[in-house]
Every structure is written in structure tokens, then in C-alpha cells.
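The structure under discussion appears below in the form of C-alpha cells.
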Amino acid sequence: MNTYDFNPSQIPQRRFTIPRLPSTQPAILIALLVTVGILTYFVGLMMVTPILGYASWHAYRETLIPESSAEQGVETGI
């Protein structure tokens, strides 16, 4: 796939082709980390929030950017 062949209409198709079981594991982990952060009177949430933000940004980029573009080091602006 050429890096210029990427079409934004492929994003919804790619999102729904991801298997559901592996995508539920991060959701469970996020829920557990937030729960622990809340149960420690929000002190733990100060440590968990930046980590979850960083991880979710990279998960978002991995979902949207085609693998061939990422391997070639092409900056997409996302």
C-alpha cells in the first residue's frame, strides 16, 4: 500500500475489524485503575490519569494510522 493510498473512509472499516476480546482487556484495565484511583481518595488518580492519557493516545494512533505508514516513518499529522 502506498502511503498516499490511505483513504479516511477506511477508518470505520478498520475499527470494526479489530477482534473484540483483545480490545476488552484494556477497557477492564482502565476501569480497574480508575477504581483504585478513586478508592484511594483521588490521590492515586493523580498518578493514573497521565498514564492512561498517554496510553490511550497511542492506542488511538495505532487504530487510525495504517501499519505501512507507521513502519515507513511517515508523519501523518495525527
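The values are calculated or read from the model by the stated rules, or taken from the named source; none is laboratory data. Remember, predicted model here, so these are calculated numbers, not experimental data. Positions of Cβ are backbone-derived with ideal geometry, glycine not excepted, and every protein chain shown enters the neighbour counts.
Scanning the range 48-75 for residues that are modelled with pLDDT of 85 or more and either of a type in the set (Lys, Arg) or surrounded by 13 or more Cβ atoms within 10 Å (Cβ to Cβ) (or both) gives VAL48, THR49, LEU52, ALA55. Scanning the range 24-38 for residues that are more than 17 Å from the chain's Cα centre (by Cα) and either closer than 13 Å to ILE51 by Cα or in contact (Cβ under 8 Å) with a residue 24 or more places away in the chain (or both) yields one hit, GLY37.
Scan the range 25-34 and give yes if some residue there is at pLDDT 70 or above, part of a helix (DSSP H, G or I), farther than 22 Å from ILE65 by Cβ and not aliphatic (A, V, I, L, M), otherwise no.
no
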